[in-house]
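What follows is a set of notes on a single structure, which appears directly below.
The values are calculated or read from the model by the stated rules, or taken from the named source; none is laboratory data. Bear in mind the structure is a predicted one, so any value in this text is a computation, not a measurement. In this analysis, Cβ positions are derived from the backbone assuming ideal geometry, glycine residues included, and neighbour counts consider all displayed protein chains. SASA here: full protein model, heavy atoms, side chains in, ligands and nucleic acids out. Shrake-Rupley method; radii C 1.70, N 1.55, O 1.52, S 1.80 Å.
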Amino acid sequence: MNMRLVLIRFLLVFPLIILLSCEEIPIVIADPVIPDSEKVVLIEELTGASCPNCPKGSAAIENILTKFPGRVAVVGIHGDFLSNPTAKSKYDFRHPKDKSLENWFQPWFGKPSASINRVKDENDMIMIDIPELWQAAVENELLKPHQMNLLLDTKFNGVTRKLDLEIAAIPLIDLAGSYNISIFLTESDIIDAQSNGAVIIDAYNHKHVLRDMMTKFDGDNFGSDLKKDAIIKKNYAYTLPIEPAGLWNPAKMEVVVMISRATPSDVSVVQAAYKKVEN
């Protein structure tokens, strides 16, 4: 056999040998190491009872809450788009402040969509409409430095149904600029109908439903140029309605508070906190 033929055979067979002998080594990406701090991230989800894809978003949020217990606060916003009750619904979760918030978050391109600490992306958008990306966004926020402690004290009178809320904010560094405070009242474990794909789930567990706000929808002024260790206290009060029947159950409600930056270019959340209405 001449050397030319041997060389040709070698060139044909050698790549096959290489392919058969090489094993694919998977790339393992470790979970980020989240600092142990008091930092709490806020998720504001645009959702709706008539939104066929929204159960997927709700499931993603519950997974995040399980992964980061005590580190994430959630508000479910039922505005206009796909938020009308289904044909089987008992309740209408829509509220004027939900609608105002949904419009404030524009632009967004569908539901479910969520803001993670109101951080803007490279396109100046706050909302993320892919639930699979929400956890990574939460992790990214938890990796950022903790800049403020936010303490809540609630007192609820079961007879008058009055909720008194005391808030104490303690900046851990000097925080320049202007800041707003937003206070949400949410309710969970509301069993009612929900669209899911082409069907309606009759007994769906609606969680973190925004019922009302104790501030303006876009927040109240909280202060400017906050100084390290200078305690800022605020007091609010709210009387829970008794109607409609089956809603406004204080045992299932939370108060969610956030402090956010208040400039046109930066509306991100510095710190969030949440506490049960009825302790």
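Under 8 Å for C-alpha pairs, at least 6 residues apart: give me the relative contact order for region 132-221, rounded to a whole percent. It comes to 23 percent, rounded to a whole number. Taking each residue as 0.36 nm, the span from Trp104 to Ala198 lengthens on full extension beyond its C-alpha to C-alpha distance by 30.9 nm. Counting only heavy atoms of the protein chains and using a 1.4 Å probe, His146 has close to 40 Å² of accessible surface. The heavy atoms of Trp104 offer some 90 square angstrom of accessible surface to a 1.4 angstrom probe.
The GluC sites (Glu not before Pro) of region 47-143 meeting both criteria, a DSSP state outside H, G, I, E and B (loop) and at most 15 other C-beta atoms within 10 angstrom of the site's C-beta, are Glu122. If you take all other residues with their beta carbon under 11 Å from the beta carbon of Phe217, and give Lys and Arg +1 and Asp and Glu -1, the sum is -2. If the segment from Asn221 to Ala237 were pulled out straight at 0.36 nm per residue, it would be longer than the present Cα-Cα gap by 4.1 nm.
In the chain, helical runs assigned H by DSSP with n ≥ 4 each contribute -39500 (n - 2.57); averaged across all residues and rounded to the nearest 500, the mean residue ellipticity at 222 nm is -6000 deg cm²/dmol. The largest accessible area among Thr263, Thr160 belongs to the first residue in Thr160, Thr263, and the rest follow in falling order (1.4 Å probe, all chains). State which helices in the chain qualify, where a helix is a whole DSSP H run, it must extend 24 Å or more along its own axis by its Cα atoms, and its mean Kyte-Doolittle hydropathy must be at least 0.0. TM-like helix candidates: 3-21.
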